[in-house]
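Below: the structure, in structure tokens.
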Amino acid sequence: MTSTVRTSYTLIPNRKYRHSNRRSKQHCNILDTDSQSLSTLGYFKTLPLEIFQMVLDYLSVKDISMLSMVSKTISNRLINYISTPSGNRRLLLQDFHNLELPGKREGSSILEHYKSLGLLLKRCTLLLPTKDRLKYIHKIFSEVSCFKFNGCPSPLHCLGLQCYGIFLQILTAGWDELECHRVFNFLCELSNLPRKVQTVVSSRPGSARKLELRIRLFCRSVLLNHWIHRSDSAFWLTRILKPWPMVNQARLLYILFGPVSSLDGHVVWQKMIEGPTDETSLKGLADAIKLLYDTEAREWTADDVISLVDELSVVPREWLMENNARLLILSGNNICFTFMASKAVNGRTVELARLVVFLALVCEKDLYCMDWAVKMMQKVCKVFSTPGERNNFLQSVENAFAHMIMDMLQSVLSGDRDEEDSSFLNLFHLVNAQANFHKEVLYLTVRSNTF
């Protein structure tokens, strides 16, 4: 009996002890979790949040970016710091109309600052889904007026869109195409870019000059200019152009890369129509065409690019043939040959012959090697399937030379001369072009017969 009582007496405290032990372990686990969370702060766990943020004021953006990789807890604190008024003032510099930052050494530009800021936010938001990252960044940048499509009253003298572009380039570097698609759609939604593009491509060229300028600056500064790899540039240019029909693609390409006025930056639509232009006015268009033709632009076929070039040559009306020839030369051998071969296959022999003459004229004017034009013609001759077609093409080239010289000579003899006396100068260049062209043909003939 005594033993029974003793046993019951000893069992009850044991049960209570086990129950108390379980609660104690749960409490210890909570403490361990808190301790682990605090331990990721390192020595910063002893500092109040306000002091921690004061310390950040003494660090450069690059140093804060490195600090963000220490732990998730540190990264979360930095996200909170960026959202505070003091962090916002510190990191979101808005002096976009001065090239140099005050108090910094020479060469430390605001572009470099936003490049570092892009890396900081890339690291801080690393664990967030793409949609949430974009929302967070939009929330931070929503008060920066110069980052908006129509935000700055003097966009030509503002670095805001360039800073935004270089920030996005650093932020999205290494993202897959699906995520970049989301970024583009997000930017289109914020800026209402598709509707603005629709307005300019469906209006008379030049009737919405300010909107054309805004589209050019936004697309180039934010989406196109800052990429290192050509494949990235081709991807973003494709996103801008592909939603539109070919005729609108050509209009939009001219808005983005065509010649602009040195006075107000507006697109000059008559440049390709009124007279011969220089390489500078065509280089942007030629580089864009080469970008789309390269193998990196997987969504464009050779036929797509050639059709785009064909459409471009009538924007806003038919270009002077000399400007067409200069654009083809600047676009490179592959595009030039493919364009000419397309005309040969489609039976446009007379038009092709005139193009050969203007290629020779541009080579003479711009001091290119004339043997390039002769070799290009020789290569195109191989496209024709029969000797009769080749002979007809060569005869058309000679006829084109003769007709053009006679037309220019008649213009000179009629006395229709402008202040620069361009008609006589053009005749001079054309005669020299014909002589040098035939000289290279003779050299080529002699070499082929000798060997």
> Condition test on Leu442, is it exposed (fewer than 13 other Cβ atoms within 10 Å of the Cβ), at pLDDT below 95 and assigned to a helix (DSSP H, G or I)?
Replying inline: yes
> Would you pick out the residues in segment 76-93 that are farther than 16 Å from Ser116 by Cβ, of a type in the set (Gly, Ala, Ser) and open to solvent by less than 50 Å² (accessible area, probe 1.4 Å)?
Replying inline: Ser86
> Looking at segment 240-301, what helices (runs of 4 or more DSSP H) fall wholly within it and have at least 1 residues that are in contact (Cβ under 8 Å) with a residue 40 or more places away in the chain and over 24 Å from Asn333 (Cα atoms)?
Replying inline: 246-257, 271-274
> If a residue has to be farther than 24 Å from Ser422 by Cα and part of a loop (DSSP other than H, G, I, E, B) to count, how many in segment 332-384 make the cut?
Replying inline: 7
>> Between Gly347, Gly332, which is surrounded by fewer than 21 Cβ atoms within 10 Å (Cβ to Cβ), over 29 Å from Arg230 (Cβ atoms) and not charged (D, E, K, R)?
In response: Gly347
> Are there any pairs with C-beta distances below 8 angstrom linking a residue in segment 75-86 that is modelled with pLDDT under 90 to a residue that is acidic (Asp, Glu), with the two at least 6 apart or on different chains, and if so which?
Replying inline: Ser86/Asp57
> Can you tell me which residues in segment 114-132 are farther than 17 Å from Arg90 by Cα and touching a Lys or Arg at 6+ places or on another chain (Cβ under 6 Å)?
Replying inline: Thr125, Thr130
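Any chance you could count how many residues in segment 160-203 are over 30 Å from Val315 (Cα atoms) and open to solvent by less than 60 Å² (accessible area, probe 1.4 Å)?
First pass over segment 160-203, keeping only residues over 30 Å from Val315 (Cα atoms): 160, 163-164, 166-180, 182-183, 186.
Keeping just the survivors that are open to solvent by less than 60 Å² (accessible area, probe 1.4 Å) gives 160, 163-164, 166-173, 175, 179-180, 183, 186.
Of the residues in segment 160-203, 16 are over 30 Å from Val315 (Cα atoms) and open to solvent by less than 60 Å² (accessible area, probe 1.4 Å).
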>> Of everything in segment 423-451, what is of a type in the set (Gly, Ala, Ser) and under 40 Å from the mean Cα position of the chain (by Cα)? Give them in sequence order.
In response: Ser423, Ala433
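Can you find a residue that is hydroxyl-bearing (Ser, Thr, Tyr), without any contact (Cβ under 8 Å) to a residue 40 or more places away in the chain and exposed (fewer than 14 other Cβ atoms within 10 Å of the Cβ) anywhere in segment 56-72? Spell out how you get there, then give the answer.
The initial filter retains those residues of segment 56-72 that are hydroxyl-bearing (Ser, Thr, Tyr), namely 58, 60, 65, 68, 71.
This time we only want the ones that are without any contact (Cβ under 8 Å) to a residue 40 or more places away in the chain, so: 58, 71.
Filter again for exposed (fewer than 14 other Cβ atoms within 10 Å of the Cβ), leaving 58.
Checking segment 56-72: at least one residue is hydroxyl-bearing (Ser, Thr, Tyr), without any contact (Cβ under 8 Å) to a residue 40 or more places away in the chain and exposed (fewer than 14 other Cβ atoms within 10 Å of the Cβ).
Sort through Ser233, Ser154 and tell me the only one that's within 19 Å of Leu93 (Cα to Cα) and free of Cβ contacts under 8 Å to residues at least 60 places away in the same chain. Spell out how you get there, then give the answer.
Details: Ser233 fails: within 19 Å of Leu93 (Cα to Cα).
Every option except Ser154 fails the conditions.
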> Which pairs have Cβ atoms under 8 Å, sit 6 or more apart or on different chains, and link a residue in segment 382-394 that is free of Cβ contacts under 8 Å to residues at least 40 places away in the same chain to one that is part of a loop (DSSP other than H, G, I, E, B)?
Replying inline: Arg390/Phe384
> Taking Trp227 and the conditions (1) over 20 Å from Ser202 (Cα atoms); (2) at pLDDT 95 or above, which numbered condition does it fall short on, given that it satisfies the others?
Replying inline: (2)
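The values are calculated or read from the model by the stated rules, or taken from the named source; none is laboratory data. The structure displayed is predicted, hence computed values, not measured ones. Glycine also receives a Cβ, built like all others from the backbone with ideal geometry; neighbour counts cover every protein chain displayed. Note: accessible area is taken over every heavy atom of the protein model, side chains too, but ligands, DNA and RNA are not part of it. Shrake-Rupley method; radii C 1.70, N 1.55, O 1.52, S 1.80 Å.
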